[in-house]
């Protein structure tokens, strides 16, 4: 058998070395191809790694960004988070069951997005509660044969701990054909960026736990906000998701007004405002001016006691400064609640060392203080929370925590929407203690608003985003209401909830230990049992 001119039809064989120049086109072409392909493969390795390092989910829109798995899933994939496995598997089963015609003959199933940060340190364990609330309302809406027309399927979108993938996952949700989005993350600029993407695609949104000023249709102008301490590059001060954004949680201005009413006509004033030294968080940078505007004496501004969220030692220093005041002391905690347990524990520690002069201390805060009722995923944070709630000063009532919850199962009627939520929670096997923080209730209510809008359409109508948004517009006060777990829900013209106002509660130690309970202290004053 004669020797072939080329090995693998590319490279010249030593036994039949080509003599003419045009015989070299094959090896030359191979070398050129390698010069293009190999660098391309090398450059693509990080992309491939990011796509295949998150549970091998490259086709489901999941990837790694800034060290964690983000993207879209319809379940049961749980973004490599053990605490999410149960709820994601149940969402997957509910998605499978939600078929065309499963609610009404000829009606199509629709996709709704749950846009969330499932891993933020600012959420703690409450992110699981919120997603469980959303899943509970999906189950309720699809199982309510009297009201369900179009069964709902969920696409869960994980934005990441810092919402670093917010705009990308918002784009993917729009590309995947969701007719509405709920959840929407936290009061952050990244949420505003995601809302801009969805509004441009004319997709309506219902936020669950967003309370900061600016996160509505007109930048909260009715509250006369002061954005002077906030990042000047942030855009939420002009409003977000214009014409397409609603939120079921009461904005901070309404909460602060309720806390002022709790203090009452006796004109009891605050002693301090505790605030972070950094003002890059919309939740805190918009709250601080509102507190000054509502509580400052005419003679001089309230003292600000500042701490560095990145340096826990400064929280202890803040506690020492508070301890130096004599008599009854009141502090407005104008910050995320991640450091609240440490602050309360530091106060108690200083008092036990005989370094405090106050006779009592009242700590007031907005809704994030409800985190004190939520078991933390991080063991260190959970240890801090339990330690703060176990101090003699808290147990005996020398330290009182007063706040405005998003929603509180201890206060809500046992019938109506709360009864429906509890039943759905039990049927899905979720821990009823996950209702305590209020985030499950808020998640349920946000989804209930979306489901209510979806099911205004008849079985024969195509379910498209513009029609869902028009239906949401019907829930503006003076129109229809949505029955949520926290009560009947309506909105103002800018997407803010305006059907009522939140109660003010006191967190009370549980008798014989265990988790604390709440009592209402405004509008009805009640003491701890």
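Of the residues contained in the range 235-242, one or more are found to be farther than 22 Å from residue 360 by Cβ, modelled with pLDDT under 95 and either surrounded by 19 or more Cβ atoms within 10 Å (Cβ to Cβ) or not assigned by TED's automatic domain parsing to the domain that holds residue 302 (or both). Do we have residue 261 as assigned by TED's automatic domain parsing to the domain that holds residue 174, assigned to a helix (DSSP H, G or I) and farther than 15 Å from residue 497 by Cα here? No.
Right, residue 276: more than 23 Å from residue 224 (Cβ to Cβ) and in contact with a helix residue (DSSP H, G or I) (Cβ under 6 Å, 6 or more places away or on another chain) or not?
no
Tell me, yes or no, whether the range 209-231 has at least one residue that is within 18 Å of residue 171 (Cβ to Cβ), surrounded by 19 or more Cβ atoms within 10 Å (Cβ to Cβ) and in contact (Cβ under 8 Å) with a residue 60 or more places away in the chain. No: zero hits. Residues being within 17 Å of residue 289 (Cα to Cα) and touching a strand residue (DSSP E or B) at 6+ places or on another chain (Cβ under 8 Å) are entirely absent from the range 172-189.
Might you check whether a residue that is over 24 Å from residue 205 (Cα atoms) and either touching a strand residue (DSSP E or B) at 6+ places or on another chain (Cβ under 6 Å) or at pLDDT 95 or above (or both) occurs anywhere in the range 104-112? The answer is no, given that none of the residues of the range 104-112 is over 24 Å from residue 205 (Cα atoms) and either touching a strand residue (DSSP E or B) at 6+ places or on another chain (Cβ under 6 Å) or at pLDDT 95 or above (or both).
The condition (being over 22 Å from residue 498 (Cα atoms), in a loop (DSSP other than H, G, I, E, B) and modelled with pLDDT of 95 or more) is satisfied by just one residue among 250, 227: 227.
The values are calculated or read from the model by the stated rules, or taken from the named source; none is laboratory data. Just so we're clear, the structure is a prediction, and the values are computed from it rather than from any experiment. When we count neighbours, we look across all protein chains shown, and the Cβ atoms used for this are built from the backbone with ideal geometry, even at glycine.
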